[in-house]
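The values are calculated or read from the model by the stated rules, or taken from the named source; none is laboratory data. No experiment lies behind these values; they were computed from the predicted model shown. Here Cβ is always computed from backbone atoms with ideal geometry, including for glycine, and neighbour counts include all displayed protein chains. Ligands, DNA and RNA are excluded from the accessible area calculation, which covers all protein heavy atoms including side chains. Shrake-Rupley method; radii C 1.70, N 1.55, O 1.52, S 1.80 Å.
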Amino acid sequence: MAYPYRDEREVRILSAHFGDPEARTLAGWRQRGGYEALGQALALSPEQVTEIVKNSALRGRGGAGFPTGLKWSFLRNDGRPHYVLVNSDESEPGAFKDRELCRWTPHQLLEGALINAYAIRAQHVYIYMRGEFFEPAQIVARAIDEAYAAGIAGPDVLGSGVTIDVTLHLGAGAYICGEETALMNSLEGRRGQPRVKPPFPAVFGAFGQPTNINNVETLCTVPHIIRNGADWWRSIGTDKSTGTKLFNMSGHLVRRGNFEFPLGFNMKELIYDVCGGIRDGRSLKAVIPGGSSVPMLAAHELDIPCAYERVATAGSKLGTASMIVMDDRTDIVKQVRRMVEFYAHESCGQCTPCREGTAWLARIMRRIEAGQGTEADLALLVDLGKNMTGTTICVLSDSAAAPVLSSLAKFKDEYLALIGRAAPVAAAV
Amino acid sequence: MAEERTPLQGGNPGWAGETGEYGHLTEADVRGTTYVGKRPPEGTSPGASCSYPYQVGGGRPDAPLFEGPYRERLDKILSRYPNRQGALLPVLALAQEIRGHLSPESMAEVAAALGLAPAYVRGVATFYTMYHKRPVGEHLVQVCTNVACNLCGADEVLRAFLAATGTEPGQISADGQYTVIEAECLGACGFPTAVQVNDRYFENVSPEAVPAILERLAQEAAARSSAAARQGS
Amino acid sequence: MANESNETVNVTINGVAAAVPRGARIIEAAEQLGIGIAHYCYHPGLSAPAMCRMCLVEVEGAPKLAPACVTPVAEGQVINTESERARAARTGTLEFYLLNHPLDCPICDKSGECKLQDFTHAEGRPHGRSVEPKRVLGLDDFGGDILYQGNRCIMCTRCVRFMREIAGADLLGVVQRGHRSAIDTFFETGLEGSLWAGNIVDICPVGALLSKDFLHKARVWDLDNTPSVCPNCAQGCNVRLDTRDNLVVRIRPRLNPAVNSYWMCDYGRHQYEWLNQPDRVQTPMQRGAEGELVPVGWQEVLPALLARLQQRHGPLVVLGSPMLGNEDNGLLARLAGRLGGGTLRYRSAQAEAEVPCPGFPALARRRELTANGRGLELLGFQRTGTMAGEGGLTDLAGATVIVLGDALEDQPADFAAGVELLVVLGQRPTAAARSAHYLLPVCTCAEQEGTFPNVHGLVQRFWPALQPPPLARPAWQVLSVLLAGLDDGAPVNSAGGAFLRLGELYPEYAGLSYEQLGSRGALINEPVVRPAGKGA
Ligand SMILES: Cc1cc2nc3c(=O)[nH]c(=O)nc-3n(C[C@H](O)[C@H](O)[C@H](O)COP(=O)(O)O)c2cc1C
Ligand code: SF4
Ligand code: SF4
Ligand code: SF4
Ligand code: FES
Ligand code: FES
């Protein structure tokens, strides 16, 4: 039951036990069918487990939507140490699903991670959790301790003879460490800077060894797929976007929070019916549908199914399905400025277009917001945004440009109004 | 703009966010404190899986690093990584837990403990925002002002904290109790405004809730120090 | 890194089809075809982080531009460095570089050899579009010889990688992140501890790292540079002598993959003042009737000297110069032989220990702190005196002493008292040198051509970088005239000719010629064991 509100139309798989403190404990989780899937998986060969996940067409929930089973199949049975990394760095403005999964259902996550480890023959799982998540970290740590004590993690997982260690690793304050290779560097005790790919993690990952990395939500779905089968998962959602997804709804909504729906659920319905529409009787101006890194949609663009492929057709991305909803009073320029400042603050600083570009965008945005912008600034923003896109090691740079470019395309009048305001002031001086 | 706000539907006692339709949940239910149990003041969870730091005030800048129970925690951390460098982030966090911030001396000691170059450790420590390079107040109040919270009045919440503590962002209040800073998204966007105080989140914080939160923090601090005094006597 | 095997792949770069080594990176392959690709973070001697984003090129079929510094070549690859997209990316990225760059070229030491200047002139936007104030960082003293001007830093991290990968001392790091990033040491701990730190000034593509020694000394376009070999230890690093107004103002390494790669040590780098000797022996001189030194022409002095040498009674002691080439010392040894044989010695400074370069172990600052100690040993000279290169000249009573190059700094003004005949072919008129019966002005190694064999027996050429005093001559030339007077061949008129004469007597050099040595040197033949201290 998604938290802190529920809706009859929801299909609750991952979130079935949100808001249920009993479900946190190992005993409670087992009562609810926990760790059955792990037992089932251990009875199969690693390749068979991967095959099931592949057949489910599960796509990664960390933002990029990469097919999970395919990713697992990249790892070779080569006798080298393998690692599973759980990406629990959740820092993208708008996203707050992994925290809920960790704090309500830590064993669900562990079960998924252990199945993943078995499937790729990894001996060690690192759960990389952002350092600010101290409370969820305590819960997950407790769950790990319980799992070790019960022989679910450690030297002989459920009596199978397989060794899988689990370590919780806390980050220390850096959004970029959510990027998979930056996460690996950070885990290794380095500055959290993304690596150049290739080599890809399946060949050269954590500590230089073959590694699989998945988002918390991705791994939380895995036990359900193992238990109920790939066909079952594929029967939910759309052809290209299978299964359910947590929708993280924030902003000017009456009912905010996480809701679990099959992919393909209508965005308008989600916002207006499930979430009760806009607060305080206002109307909707814009939605960022997939976390701050994706282009905005205007009010008239929302009648689309929330599936990866369909949101892409509409000119944005489903990303993490983290929807930030803005009402008609929203100062778009201010909010874009705030997002750009975020990216400037979080750029790791390796790539010049990103290091310099994010800071430059922020300064221009601040000037425009203060009524000191010119029309030339708008053209410059577009040009800089383009120069920052596709030219860097990771896509943080592209992400910083996205809100600027999309808001300029859709809400240019708000920029112009601020510039218009500047003119008389300037003339008066 | 504060005039017509839809009130919270699940009520918000100013601790752990809107509970919506789960109004029966207590703070301990939401925070999971009953499940987690109590950690010993200098220790970690009993299991060997990790050693996460306390993020609480009370660090002593001149305390020795890695002695007694902290040595055990250091060893436990080291046992979880294939090399010593891997332990750098948790060990820096441990040093900060002990001393309250990471001075150059602390960085050098961590470097020595892990066999790393001090300049390297400095490079890593300065990359991450949760390592304090300067002392902070007993309570580090981090107010998320990023977009999802910002839409819902985070700037006002930040101002309210600054006004109530009489500080500028990043300053330590005169009584040494508070440092208020602006934070990036805390991953609690559905519960705006999200505020982190040391190791706890306070969610759905409105400007009006700020005095009550500070009052609670003060009371807890007083309780802690009288408990410590009892122990000392 | 280029593959060792001979396998090649076929690629087309800017329309030029070529077979290039498999495993090479695009930037290296292009280089082979003479196509330069703009870059900042890439340095062939260091790892490649692909972070400056200057080297992006179009690879047909790839959705994104590829960083040429890390992308390996592949069979059939079609690469375009000049496509619309590649050019636009470079121009766009250059604008980001200039955003916070102070453009203080008029007062920047790097001006003229700065890659930011070069690429901006080539492809930058004519006018910056930023109206924002620039970021201002102070000047930071990194300790040792090095200053950091953070405003100019483009965060390529070459310096950080050098210190870590080559110097083997993580003394530098990037601190902070994003646009607040800067390069720094560990607080007050500077770079003093490293013998190799000076290289970061060379590899910094801009004027962010500065040498205190070179600070505002010269504009680089006013410098002449001459390929040479560092004369300061037996490693024989390949260097360039940068000179201005007939003074060496800077020594920088020159690539030699077998000897020093792109690097040199700070000891060698900073020991150049001795090449700039203002106080020189200006003309040949000999003792006059009153016992005073009298200037005399070369034409007169050499026959006179020759006559004196032939009349001598006592033993012959010859002091060679580890700071001069094989040509000079070889002909000196030959002269000794021609005069009936004598004792061959040299003095040289030595360090306590070798200091190897951790990231390039073939390179070490050697114990022998002169370039030609090894060569002298091969020629049969024997080292004498202390580690400081002093003393060891006590048993000269009644001897005829020929001194080459050694300034005799530690010796008294009556050095010649007691010796039968003192001949100095020298550079500096020290008190002891001025006690000579004959004092002949010769060039320093910076003023003439020659060769040094290094610690591994690699003979390397050096070239003249400075003008000698008008009447000074290369020692080999003077010696060959004396030898001619002793019926030992005709005078040679080139250093190369003098080198060939070495081969006649010393099998180590047999068959070698300047042409063969080229700019990277050649190994000597197996050394012959011969009694130390005796000439051939
Ligand atoms: C700047 C940046 C930040 C990211 N942050 C996160 C994050 O916080 N959590 C996450 O799961 N993935 C994040 N990702 C995506 C990861 O790189 C990676 O694609 C993901 O962890 C893969 O897991 P999945 O296949 O299960 O989605 C981020 C990517 C980028 C470029
Ligand atoms: S794009 Fe930005 S965040 Fe990503 S690697 Fe480059 S500088 Fe770092
Ligand atoms: S100081 Fe020079 S070499 Fe070092 S990062 Fe800056 S520009 Fe590059
Ligand atoms: S190692 Fe020797 S030859 Fe090389 S620079 Fe140093 S002193 Fe000169
Ligand atoms: S935007 Fe405030 S917690 Fe995410
Ligand atoms: S040279 Fe290729 S990215 Fe810097």
Scan the range A:270-317 for residues that are open to solvent by less than 10 Å² (accessible area, probe 1.4 Å), in a loop (DSSP other than H, G, I, E, B) and farther than 21 Å from A:SER397 by Cβ and report the count. 5
Subset of the range C:200-223 (residues that are among the acidic types (Asp, Glu) and within 30 Å of C:HIS456 (Cα to Cα)): C:ASP202
Matching residues in the range C:188-211 - criterion: being more than 21 Å from B:PRO118 (Cβ to Cβ) and of a type outside the set (Asp, Glu): C:GLY198, C:ASN199, C:VAL201, C:ILE203, C:CYS204, C:PRO205, C:VAL206, C:GLY207, C:ALA208, C:LEU210, C:SER211
Options A:ALA37, A:ALA64, A:ALA27; residue that is more than 16 Å from ligand 3 (Cβ to nearest atom) and touching a Lys or Arg at 6+ places or on another chain (Cβ under 8 Å): A:ALA37
Out of the residues in the range C:478-512 that are in contact (Cβ under 8 Å) with a residue 60 or more places away in the chain and not hydrophobic (A, V, I, L, M, F, W, C), state the one that is nearest to C:GLY426 (Cα to Cα). C:SER480
Name the single residue that is farthest from ligand 6 (Cβ to nearest atom) among those in the range B:123-168 being within 12 Å of chain C (Cβ to nearest Cβ) and open to solvent by less than 30 Å² (accessible area, probe 1.4 Å). B:TYR131
Sort out which residues of the range A:26-40 are within 14 Å of another protein chain (Cβ to nearest Cβ) and within 17 Å of A:LEU101 (Cβ to Cβ), and write them in order of number. A:LEU26, A:GLY28, A:TRP29
Test: C:GLU447 is at pLDDT below 95 and open to solvent by 10 Å² or more (accessible area, probe 1.4 Å): no
Residues in the range C:393-414 that are open to solvent by less than 20 Å² (accessible area, probe 1.4 Å) and either without any contact (Cβ under 8 Å) to a residue 60 or more places away in the chain or at positive phi (or both): how many? 2
(1) of a type in the set (Lys, Arg); (2) more than 14 Å from chain C (Cβ to nearest Cβ); (3) not in a loop (DSSP other than H, G, I, E, B) all hold for B:ARG60 apart from (3)
Does the range A:216-239 include one or more residues that are within 16 Å of ligand 2 (Cβ to nearest atom) and either at pLDDT 95 or above or in a helix (DSSP H, G or I) (or both)? no
Where the second residue is in a helix (DSSP H, G or I) and open to solvent by 10 Å² or more (accessible area, probe 1.4 Å) and the first is among the charged types (D, E, K, R) and lies in the range A:316-335, which pairs have Cβ atoms under 6 Å and are six or more apart or on separate chains? A:LYS334/A:GLU369
For A:ASN228, only one of the following conditions fails: (1) out of contact with any helix residue (DSSP H, G or I) (no Cβ under 7 Å at 6 or more places or on another chain); (2) not assigned by TED's automatic domain parsing to the domain that holds A:THR50. What is its number? (2)
Where in the range A:82-170 are there helices (runs of 4 or more DSSP H), lying fully within it, with 2 or more residues that are within 9 Å of another protein chain (Cβ to nearest Cβ) and open to solvent by 10 Å² or more (accessible area, probe 1.4 Å)? A:134-149
In the range A:259-269, residue least open to solvent (accessible area, probe 1.4 Å) [restricted to those that are among the charged types (D, E, K, R) and in contact with an Asp or Glu (Cβ under 8 Å, 6 or more places away or on another chain)]: A:GLU260
Working only within the range B:131-161, note down all residues that are outside any loop (DSSP other than H, G, I, E, B) and within 16 Å of ligand 1 (Cβ to nearest atom). B:CYS144, B:VAL147, B:ALA148
Could you list all residues from the range C:169-186 that are touching a Lys or Arg at 6+ places or on another chain (Cβ under 7 Å), under 26 Å from A:ALA400 (Cβ atoms) and more than 15 Å from ligand 2 (Cβ to nearest atom)? C:GLY173, C:VAL175
Counted residues, the range A:331-373 - those being part of a loop (DSSP other than H, G, I, E, B), more than 9 Å from chain C (Cβ to nearest Cβ) and open to solvent by 10 Å² or more (accessible area, probe 1.4 Å): 4
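Matching residues to (1) open to solvent by 50 Å² or more (accessible area, probe 1.4 Å); (2) part of a helix (DSSP H, G or I); (3) more than 16 Å from ligand 1 (Cβ to nearest atom); (4) out of contact with any helix residue (DSSP H, G or I) (no Cβ under 8 Å at 6 or more places or on another chain):
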position	(1), (2), (3), (4)
A:ASP377	no, yes, yes, no
A:LYS386	yes, yes, yes, no
A:THR389	yes, no, no, no
A:THR392	no, no, no, no
A:ASP398	no, yes, no, yes
A:PRO403	no, yes, no, no
A:SER407	no, yes, yes, no
Within the range A:12-25, considering residues that are open to solvent by 10 Å² or more (accessible area, probe 1.4 Å) and over 20 Å from the mean Cα position of the chain (by Cα), the one farthest from the other protein chains (Cβ to nearest Cβ): A:HIS17
Kindly provide the set of residues from the range A:171-210 that are closer than 24 Å to A:PRO136 by Cα and more than 8 Å from chain B (Cβ to nearest Cβ), ordered by number. A:ILE176, A:CYS177, A:GLY178, A:GLU179, A:GLU180, A:THR181, A:ALA182, A:LEU183, A:MET184, A:ASN185, A:ALA206
Residue match in the range A:232-246 (condition: within 14 Å of another protein chain (Cβ to nearest Cβ), of a type outside the set (Asp, Glu) and either touching a residue at least 60 places away in the same chain (Cβ under 8 Å) or within 16 Å of ligand 6 (Cβ to nearest atom) (or both)): yes
